1. Rounded if a/c is under 1.5, else prolate if a/b is larger than b/c, else oblate: which is the stretch A:66-155, with a ≥ b ≥ c the root eigenvalues of its Cα gyration tensor?
2. Okay, which of the stretch A:89-130 sit inside 14 Å, backbone N to the point 7 Å along the Cα-Cβ direction of residue A:69?
3. Using a ≥ b ≥ c from the Cα gyration tensor of the stretch B:125-283 (square roots of the eigenvalues), is it rounded, prolate or oblate, where a/c under 1.5 gives rounded and otherwise the larger of a/b and b/c decides, a/b for prolate?
4. Over the protein assembly as shown, give the accessible area per residue in Å² for a 1.4 Å probe, as an integer.
5. Average partner chain C-beta neighbours within 10 Å, per residue of A:14-22?
6. In Å², rounded to the nearest 100, what is the total accessible surface buried by chains B and A against each other with a 1.4 Å probe?
7. Rounded to a whole number, what % of the accessible area of the stretch B:6-48 do carbon and sulfur atoms account for, probe 1.4 Å?
8. Among rounded, prolate and oblate, which fits the stretch B:6-48 when a ≥ b ≥ c are the square roots of the eigenvalues of its C-alpha gyration tensor, a/c under 1.5 means rounded, and a/b larger than b/c means prolate?
Amino acid sequence: MEISCIVNGEKKQFKIEPDETLLNILRREGYLGVKRGCEEGNCGVCTVLMNGRPVNSCVVFGAKADGAEIITVEGLGTPENLNTLQEAFLDEGAVQCGFCTPGFLLSATALLKENPEPSREEVIEALDSNYCRCTGYVKPINAVLAAARKMRGEE
Amino acid sequence: MKNIRSYIFPKTVEEAVDALALSSSARIVAGGTTMVFSKDARVETLVDITRLDLSYIKEEDGFIKIGPTTTVADLLRSPIAAKFGGGILAEASKRVAGSHIRELATIGGDLAITLPWCDLQPAFLALDAELVIYDGEEKNISLADYYNDRELMKRSGWLIKEIRILSDQKGIGVFEKVSRTKIDYSTLDIAVYLEKEGGVIRSPRIAAGCAVPMPRRIGEAEKILDGQVPGPELFEKAAKTAKNSLRTVTNLRGTAAYRSHLIEIVTRRCLEKAWAALNGQEA
Ligand SMILES: Cc1cc2nc3c(=O)[nH]c(=O)nc-3n(C[C@H](O)[C@H](O)[C@H](O)COP(=O)(O)OP(=O)(O)OC[C@H]3O[C@@H](n4cnc5c(N)ncnc54)[C@H](O)[C@@H]3O)c2cc1C
Ligand code: FES
Ligand code: FES
């Protein structure tokens with residue numbers, strides 16, 4: 001079957017199998033920032049935004065993306081021009097191996113759009129679906145709080 | 001899912017039911033968080049019901065009406081869930097998986113099947129929810145009866161079209177999920193609902209899920225509470241009865257014996273909390 005959707009602001013059409021996951025489709029189409037991890041909905045490395053909401057793309061039937069707006073990490077800043085959140089992850093040392101980072105960035109993007117002034121508890125809640133095996137979570141949490149302050153013009 | 005030939009978005013509820021009735025190889029997809037892992041080789045057609053305007057939460061005609069494709073996240077964000085029955089629906093939705101799965105999983109999908117991780121079931125049982133089943137005609141069935149309706153479960157060509165809760169319920173509900181980590185599958189779910197009239201308990205409801213073969217009300221324990229003046233002994237007796245009335249299961253999340261032990265403790269705690277809240281205190 002064929003679906004059309006908007007990925008990172010660009011109109012796209014994909015030929016897909018009716019039982020394929022969104023994760024599979026996005027990786028095949030070259031969005032390699034969407035990582036393949038557990039494929040069971042647990043680890044969060046496959047996180048994308050679908051119509052603004054953070055979801056595990058490995059548990060989304062690709063057909064559901066028809067007509068939807070998808071944002072992957074490729075739709076945030078570029079390597080030459082990182083966005084505030086990405087910069088904060090570097091500044092705070094929130095990236096070690098980096099495998100989990102796209103997922104964290106997308107979860108945090110959804111949070112900050114909805115709630116520009118999150119408490120530490122709210123950040124933890126919003127990152128509850130992303131595993132990180134390196135950093136111990138403190139630094140990613142600090143990075144999101146730092147980015148929020150910066151985006152509010154406090155730093 | 002090896003044999004899927006088509007994935008369709010019916011335009012109306014009728015079209016959905018027709019597609020499901022047409023062939024025993026068609027299945028409903030709502031959020032898809034369970035279906036996406038299905039290994040059932042008989043399934044050939046997936047019927048997605050999320051584009052039928054069945055996502056809503058509203059108060060109307062004496063009921064709180066919830067559309068089946070409303071996501072758990074939307075329920076959690078809704079003001080009705082936060083305040084109705086002491087906020088039990090918000091408490092229960094908060095404990096469904098993590099925040100991302102909640103954006104996908106639907107209320108209908110969580111209530112429809114009896115898998116051991118569907119955390120909304122005890123809370124909806126404690127609020128005495130009913131389902132509107134549509135198979136060409138509408139028919140209402142209490143959620144408690146639904147789980148015993150094997151005949152319906154075997155049939156195809158129907159869906160849960162709405163979930164209803166009587167809005168004139170002045171009591172307090174309490175939900176508790178025991179799990180190894182905050183977002184792990186449940187070891188045990190207990191939900192309790194109590195009303196207060198004079199100094200006595202009215203309309204007591206206790207429901208268990210996840211640890212038991214089928215989610216269910218614990219009528220044996222409810223009987224002990226109805227019309228009684230509460231106190232530690234009464235709650236203890238009801239909690240013990242709950243434990244003795246339920247057959248529990250052993251799986252990765254706990255042994256049957258451990259779960260039986262938990263039922264008594266958690267039921268008592270939920271009863272104490274609910275009664276304290278009815279009296280404006282914290283337990
Ligand atoms: C990693 C992970 C962790 C999870 N953890 C939890 C948890 O802790 N607690 C929890 O409660 N849930 C959890 N879930 C969600 C779990 O999958 C759901 O409880 C559930 O079945 C979700 O609903 P859905 O809409 O996604 O279901 P779907 O997969 O779309 O459907 C589930 C079943 O219900 C049927 N169905 C759906 N809608 C209807 C309807 N309106 N009428 C009749 N039948 C219908 C479908 O045919 C299918 O058989 C988790 C899911 C994942 C992937
Ligand atoms: S790969 Fe999707 S959650 Fe792990
Ligand atoms: S930085 Fe390695 S998993 Fe998070």
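1. rounded
2. Within reach of a label on residue A:69: A:110, A:113-114.
3. oblate
4. 45 Å²
5. Average per residue, whole number: 4.
6. Roughly 2100 Å².
7. Answer for the stretch B:6-48 is 57 percent, counting heavy atoms of protein chains only.
8. Oblate, since a/c reaches 1.5 and b/c is not below a/b.
The values are calculated or read from the model by the stated rules, or taken from the named source; none is laboratory data. Please read these numbers as outputs of a predicted model, since none were measured by experiment. So basically every Cβ, Gly included, is an ideal-geometry build from the backbone, and we count neighbours across all protein chains shown. Accessible surface is based on the protein model in full, side chains and every heavy atom, while ligands, DNA and RNA are left aside. Shrake-Rupley method; radii C 1.70, N 1.55, O 1.52, S 1.80 Å.
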